[in-house]
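This report refers to the structure that appears directly beneath it.
The values are calculated or read from the model by the stated rules, or taken from the named source; none is laboratory data. On a predicted model such as this, the values are computed, not experimentally measured, just so you know. Please note: Cβ atoms are built from the backbone with ideal geometry, for glycine as well, and neighbour counts cover all protein chains shown.
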Amino acid sequence: MNRRRKSRGYTLIEMVMVIVLLAILSAFSLQAIGLSVSAYTLTVREYLELFREGYLAMDRMTRELRETSPHMVAITTGSVTFTKPSGHGTPEDSSLVVTFFQSGDVIRRQTAAGTFPLTGNVVSGSFAASMTEQSAVVLSFTLSGEGGEIPFRSAAFPRLKPTPTPAPTPTPAP
């Protein structure tokens, strides 16, 4: 009588086939993960570059606004103009009258030395300026890029107070 033994477990060929199939699936999975990570990295890089550009423009505007006094700031639709006191110019630009305004998709800085771009990719009509009751100048604009839109908003308190007119010195009576 021939007895057939029941085999338990897997044969070597079955195990090799499973290993090959797992290797193929993991190769495709790693490729898909690599592509999604590189797309994410590219998007984040573009977003950070846009954010840095907007941050530097906002920082430049608020720094310069702090060097003036509240009564020397004129705000119109889409622009802010102010006058710095004498001695507050820079070696590169000694002009004391500065205007920030939006032209197309660019925020520009205009002085007697010329007009220079501060940042691009600005959403049309998004540059705005206002003054609060506490004399803070509030600036806002929105940048747009492939990473989405980034709103910026900041307030600057002009530091310089108007110089008061000295009171006349009383003369002693004879």
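I'd like the full set of residues that are touching a Lys or Arg at 6+ places or on another chain (Cβ under 7 Å) and surrounded by fewer than 18 Cβ atoms within 10 Å (Cβ to Cβ), limited to the stretch 100-129.
Correct list: THR115, PHE116, PRO117.
For ALA173, indicate whether it is part of a strand (DSSP E or B), among the hydrophobic types (A, V, I, L, M, F, W, C) and either modelled with pLDDT of 90 or more or surrounded by fewer than 11 Cβ atoms within 10 Å (Cβ to Cβ) (or both).
No: the conditions fail for ALA173.
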